[in-house]
1. For the range 203-217, name all the residues that are among the hydrophobic types (A, V, I, L, M, F, W, C), over 15 Å from Ala140 (Cα atoms) and either surrounded by 19 or more Cβ atoms within 10 Å (Cβ to Cβ) or touching a strand residue (DSSP E or B) at 6+ places or on another chain (Cβ under 9 Å) (or both).
2. Please note which helices (runs of 4 or more DSSP H) are completely contained in the range 252-332 and include at least 1 residues that are of a type outside the set (A, V, I, L, M) and in contact (Cβ under 8 Å) with a residue 60 or more places away in the chain.
3. Only one of Ala93, Ala105 is within 18 Å of the chain's Cα centre (by Cα) and either in a strand (DSSP E or B) or modelled with pLDDT under 95 (or both). Can you tell me which?
4. When only residues in the range 69-90 that are within 19 Å of Leu286 (Cβ to Cβ) and surrounded by fewer than 24 Cβ atoms within 10 Å (Cβ to Cβ) count, which is modelled with the lowest pLDDT?
5. State yes or no: is Ala155 at pLDDT 95 or above and surrounded by 20 or more Cβ atoms within 10 Å (Cβ to Cβ)?
6. The conditions are (1) over 14 Å from the mean Cα position of the chain (by Cα); (2) under 21 Å from Arg239 (Cα atoms), and Gln164 fails exactly one of them. Which is it?
7. Confirm whether Asp220 is under 22 Å from Gly178 (Cβ atoms), over 17 Å from the mean Cα position of the chain (by Cα), crowded, with 20+ Cβ neighbours inside 10 Å and in contact (Cβ under 8 Å) with a residue 12 or more places away in the chain.
8. Return the pair list, or none, for Cβ contacts closer than 9 Å from residues in the range 14-42 that are touching a residue at least 24 places away in the same chain (Cβ under 8 Å) and under 30 Å from Gly280 (Cβ atoms) to residues that are surrounded by 13 or more Cβ atoms within 10 Å (Cβ to Cβ) and of a type in the set (Lys, Arg), at least 6 apart or on different chains.
Amino acid sequence: MPLPELMTAITIAAPGGPEVMIAAKIPRPEPGPGEVLIRVAAAGVNRPDIMQRKGLYPPPPGASPLLGLEAAGDIVALGPDVTAFRIGARVTALCNGGAYAEYCAVPATQCLPWPEGFDAVKAAALPETFFTVWANLFQAGRLAAGESALIHGGASGIGTTAIQLGHALGASMYATAGSLEKLAACLRLGAVAAIDYKTQDFSAEIARLTKEAGVDVILDMVGASYIARDIRALARGGRLVLIAFQSGSKVEAFDFLPVMTKRLTITGSTMRPRARAEKGAIAAELKEKAWPLLSSGRVAPVIFATFPLAEAAAAHRLMEDGRHIGKIVLVL
């Protein structure tokens, strides 16, 4: 049966609030060289989507202008040079954009099979957080078994993924969160301690909990207002990995002396602009090291809520409200 020429997708006429997202009929994409076309069954909602909607995070050159960085569904067409997948395969994919739609073209190297026992919603909740956590906490941050890590935003999609993966791979995980419910969730997922960033100084708490030793790695999506305390909370030889700047990216009058005396590393990265080869290499490591944990049930995405695609605005409002624990997913 031929594929439809048009598809339903969430479009944005101009940057703004959630109300600017409108479901409309637009041409269906065609898979290019090295790409597959996915019939989307579910798509994850992520904070970069909100930034793009507001006009603060434009897609990289060549990427779909539509929202959506992760999708799960079945492959319905193959572009030239694709041999790793067949039509009908169920995959979850890290998209360069375009997941808020009935169909999405994605590089085949950025696709992974659904873990055993997963449905579309659970599969769609994986790529953005797992790629980001793996690249930053384990590759850039070099977190290893027997070490310790502090995860800011422990109840977020990134946080719930990082806590579980670190715990499953033998690290001692600490987290910050802003409510009793979120703190409890961090503990359930494997954190040895959860710190209320609204009422506690996390650097002082880490010093107390680790007997002044500090943690080996910090994964930080807050930025400016946390940097000085991050430095205090790191152990000698520690690594600070920055993945977002919710409180800004500029710090004035910052004392770099502890970076030298404690031999610290400060690094950071973004995922979306990376080359296909880089994302493909991350996918290969995830398939080898993280996917067995998902298939065995030792690690699982935390799904907070699902919405129909047409209600994407409501999904964005929920994410911006900040009450959610884990992932929000759109269902088609």
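1. Passing the criteria: Ile206, Leu209, Ala213, Val215.
2. In the range 252-332, 276-285, 291-296, 312-321 are the helices (runs of 4 or more DSSP H) which contain 1 or more residues that are of a type outside the set (A, V, I, L, M) and in contact (Cβ under 8 Å) with a residue 60 or more places away in the chain.
3. Every option except Ala93 fails the conditions.
4. Result: Ala84.
5. Values: at pLDDT 95 or above: yes; surrounded by 20 or more Cβ atoms within 10 Å (Cβ to Cβ): yes.
When the stated conditions are applied, Ala155 passes them.
6. Exception for Gln164: condition (1).
7. For Asp220, the condition - under 22 Å from Gly178 (Cβ atoms), over 17 Å from the mean Cα position of the chain (by Cα), crowded, with 20+ Cβ neighbours inside 10 Å and in contact (Cβ under 8 Å) with a residue 12 or more places away in the chain - is not met.
8. Close Cβ pairs (under 9 Å, with a partner that is surrounded by 13 or more Cβ atoms within 10 Å (Cβ to Cβ) and of a type in the set (Lys, Arg)) amount to Gly34/Arg276; Leu37/Arg28; Ala41/Arg90; Ala42/Lys122.
The values are calculated or read from the model by the stated rules, or taken from the named source; none is laboratory data. Not measured: the values here are computed from a predicted model. Quick reminder, even Gly has a Cβ in these numbers, built from the backbone with ideal geometry, and neighbours come from all protein chains shown.
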